[in-house]
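J.: One structure follows; several queries about it will come next.
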Amino acid sequence: MESELQIPFEKGKTVACVLTRAAGKYSSVGIILAHGAGGDMHSGHLAHYAATFADAGFPCLRFTCKPVRLPYRVKACQAVMDGAAEMPGLDQVKAWIFAGHSMASLC
């Protein structure tokens, strides 16, 4: 099951996200996936990885952050991590693993 979300960010901006999870299966660990420079949350294999993790019981959140300036991307990553920790319906998630491809691995 996928849900599109908006996580609040600086100055009234939001970060577009997709939460993928399997019905009835929940781990105490969630996974946040970030794309590389020039991509978005639908690029590459992110959707496939999200579905695979969700089927294994790990809620998976992926997001889009277009600007390539590293300080901006780091702030966006922090906003997503903070937002993930407060998401309704994910109270059982006690820890989040952040994984990224290319430039997203720098966050």
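The values are calculated or read from the model by the stated rules, or taken from the named source; none is laboratory data. As the structure is a computational prediction, the values presented were derived from the model and not from experiment. Glycine also receives a Cβ, built like all others from the backbone with ideal geometry; neighbour counts cover every protein chain displayed. Surface accessibility is based on the protein's heavy atoms, side chains included, excluding ligands, DNA and RNA. Shrake-Rupley method; radii C 1.70, N 1.55, O 1.52, S 1.80 Å.
J.: Give me the accessible area per residue for the chain, probe 1.4 Å, as a whole number in Å².
T.: Details: 5770 Å² over 107 residues.
Roughly 54 Å² per residue, with all protein chains present.
J.: Still on this structure: Expressed as an acute angle from 0 to 90° and rounded to the nearest 10, what is the orientation of the C-alpha long axis of helix 70-85 relative to the principal long axis of the chain?
T.: Taking Cα atoms only, the helix is inclined about 20 degrees.
J.: Now for a different question. What's the percent breakdown of Cα-Cα distances in segment 48-95 across 10 Å bins, shortest bin first?
T.: Percent of pairs per bin, in order: 23, 44, 30, 3.
J.: On to the next question. Of all the accessible heavy-atom surface of the chain, with the other protein chains kept in place and a 1.4 Å probe, what percent is carbon and sulfur? Write down the numbers at each step before the final one.
T.: On the way: 3350 of 5770 Å².
The nonpolar share, carbon plus sulfur, comes to 58 percent.
J.: Cα axis of helix 46-55 to longest principal axis of the chain: angle in degrees, 0 to 90, nearest 10?
T.: Orientation of helix 46-55: about 20 degrees from the principal axis.
J.: Next question, about the same structure. With Cβ to Cβ distances under 12 Å as the rule, what net charge do the other residues near TRP96 carry (K, R +1; D, E -1)? Don't jump to the answer; show the numbers that get you there.
T.: On the way: positive: LYS94; negative: ASP82, GLU86.
Net local charge, TRP96 excluded: -1.
J.: Considering only SER3, SER27, ALA51, whose Cα is most displaced toward the positive end of the charge dipole of segment 1-63, charges sitting on Cβ of Lys, Arg (+1) and Asp, Glu (-1)?
T.: Among SER3, SER27, ALA51, the one farthest towards the positive end of the dipole of segment 1-63 is SER27.
J.: Net charge within 14 Å of HIS35 by Cβ-Cβ distance, Lys/Arg positive one each and Asp/Glu negative one each, not counting HIS35 itself? Spell out each step's value before the answer.
T.: Numbers: positive: ARG62, LYS66, ARG73; negative: ASP40.
Result for the neighbourhood of HIS35: +2.
J.: While we're on this one: Just for the chain, what percent of DSSP beta bridges are antiparallel, to the closest 5? If you can, show how the numbers build up before the last one.
T.: On the way: 11 of 21 bridges.
Close to 50 percent.
J.: Between ASP55 and GLU4, what's the calculated FRET efficiency when r is the beta-carbon distance and R0 is 22 Å? Round to 0.05. Before the final figure, lay out the partial values.
T.: Numbers: r = 19 Å, r/R0 = 0.88.
The pair ASP55/GLU4 has a calculated efficiency of 0.70.
J.: Given charges of +1 on the Cβ of Lys and Arg and -1 on the Cβ of Asp and Glu, with all other atoms neutral, how large is the dipole of the chain about its Cα centre, in debye to the nearest 20?
T.: Working: 10 positive and 8 negative charges, 63 e Å.
The dipole magnitude comes to about 300 debye.
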